[in-house]
């Protein structure tokens, strides 16, 4: 509390773009942005709101020259295939590629170049495919799908995370990682 005679202490309202409950961060995250811990109890967080939109992942690697005419262009959800069916088909194909039962080239059209290279590097001949336990799909913004898949390899459970962006009237896998 303020001990001077100027009146009760009124916390200053903070404005910054990436903190607050609406952006997935709670009050204790203020120290990440350089605010003192004393403010965490008294200062309300007021996140700046802005519209999210898709900026397609470039198809080039760092340092390469590119022609803007061939860059991917965002597609509306109405122009894209149904995401649930799309993810299921892509996932089955991916698992078959990883196990050596399918050619990796069959995924090239729907996979970003960097992601495709990581898929090719991880191909191993396996005796059995993993069992798909659950598929979780979220769409944080229109034209983007973030997918988490739980896979069972014998007695071990692994998570596969993927990001799909709707570009050029198709879903493109731009990120992929096994955790």
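Structure above, values below:
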{"read-out": "Label-point separation, residue 84 to residue 103 (7 Å along Cα→Cβ), nm", "value": "3.3"}
{"read-out": "Whole-number D in µm²/s for region 135-179 (Stokes-Einstein; Kirkwood sum over Cα pairs; 10 °C, 1.306 mPa s)", "value": "141"}
{"read-out": "FRET efficiency estimate (nearest 0.05) - Cβ-Cβ, residue 69 to residue 92, R0 45 angstrom", "value": "0.85"}
{"read-out": "Dimensions (Å) - region 70-178, Cα atoms, principal axes, largest first", "value": "40, 27, 18"}
{"read-out": "Residue 77 paired with residue 138, simple spin-label distance in nm, labels 7 Å along Cα-to-beta-carbon", "value": "1.6"}
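Computed from the coordinates by the stated procedures, all read-outs in this text should not be read as laboratory data. If you're wondering where the values come from, they're calculated on a predicted model, not measured in any experiment. Heads up, the Cβs are rebuilt from the backbone with ideal geometry, glycines too, and the neighbour counts pull from every protein chain shown.
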